[in-house]
Amino acid sequence: AGFGLAPKVLVVDLDNTLWGGVIGEDGLGGIKIGPPSAEGEGYAALQRYCRELRERGVLLAACSKNNPDDARRPFVEHDAMVLRLDDFAVFHADWNDKTAGLRAIAEELSLGLDSFVFLDDNPLERQWVREQLPQVTVPECGCRPWEMLAALRRGRRFEAVALTREDIDRHSLYRGNVARRELEQQAVS
């Protein structure tokens, strides 16, 4: 952190990473998030930590193999969700592999992949990203929410020497840049 080398972006998978279950198969009522289950509470705690990181200037991005509408639905409609769509600088959901998604997110944010940390419950996805994009930090963790949370905390990757106004405003700045690029692509002239 003292040398300015701390990661800038936490990229998270969705199904079985931010909530228990698969939204496209289990539906909104079938995913686990929040009380009454311990597992659901674990996912809520992980989301709270992600939100704390965002509030400290770490950009959040989602990268999921999913139908985009299904992937967005819990953030809009599920009452127990801690994170909301506007907490993400970039939200990427499609059926391409995760490395393509990570590259697209890096391009949208105009940041190098070496500033990314990727969190996924699936060991095969983690290994694939490590092999294909060695510059991305991929913490080794279990598949339970408390194991993923512990891996993020244990790594101390997002520690900062000081919190500046620029850190606090970083999320809004990058979201504005992404929105501007999207408008440029849609404009006829």
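Listing for the model above:
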item	result
Candidates D26, D69, D97, filtered to the one that is open to solvent by 10 Å² or more (accessible area, probe 1.4 Å) and under 25 Å from Q135 (Cβ atoms)	D97
Selection count, the range 76-86, where residues are touching a Lys or Arg at 6+ places or on another chain (Cβ under 8 Å), open to solvent by less than 40 Å² (accessible area, probe 1.4 Å) and free of Cβ contacts under 8 Å to residues at least 60 places away in the same chain	1
R72 vs. criteria at pLDDT below 95, among the basic types (K, R) and not in a loop (DSSP other than H, G, I, E, B)	no
All positions within the range 52-64 that are under 13 Å from the mean Cα position of the chain (by Cα) and either touching a residue at least 60 places away in the same chain (Cβ under 8 Å) or surrounded by 15 or more Cβ atoms within 10 Å (Cβ to Cβ) (or both)	L53, R54, V58, L59, L60, A61, A62, C63, S64
Residue in the range 3-15 that is small (G, A, S), over 28 Å from D114 (Cα atoms) and either assigned to a helix (DSSP H, G or I) or open to solvent by 10 Å² or more (accessible area, probe 1.4 Å) (or both) present	no
Residue count, the range 47-68 (criterion: part of a strand (DSSP E or B) and either of a type outside the set (A, V, I, L, M, F, W, C) or in contact with a helix residue (DSSP H, G or I) (Cβ under 6 Å, 6 or more places away or on another chain) (or both))	6
Subset of the range 76-91 (residues that are within 20 Å of L102 (Cβ to Cβ) and in a helix (DSSP H, G or I))	L85, D87
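The values are calculated or read from the model by the stated rules, or taken from the named source; none is laboratory data. Being a predicted model, the structure only gives us computed values, none of them experimental. In this analysis, Cβ positions are derived from the backbone assuming ideal geometry, glycine residues included, and neighbour counts consider all displayed protein chains. We work out accessible area using only protein heavy atoms, side chains counted, and drop any ligands, DNA or RNA first. Shrake-Rupley method; radii C 1.70, N 1.55, O 1.52, S 1.80 Å.
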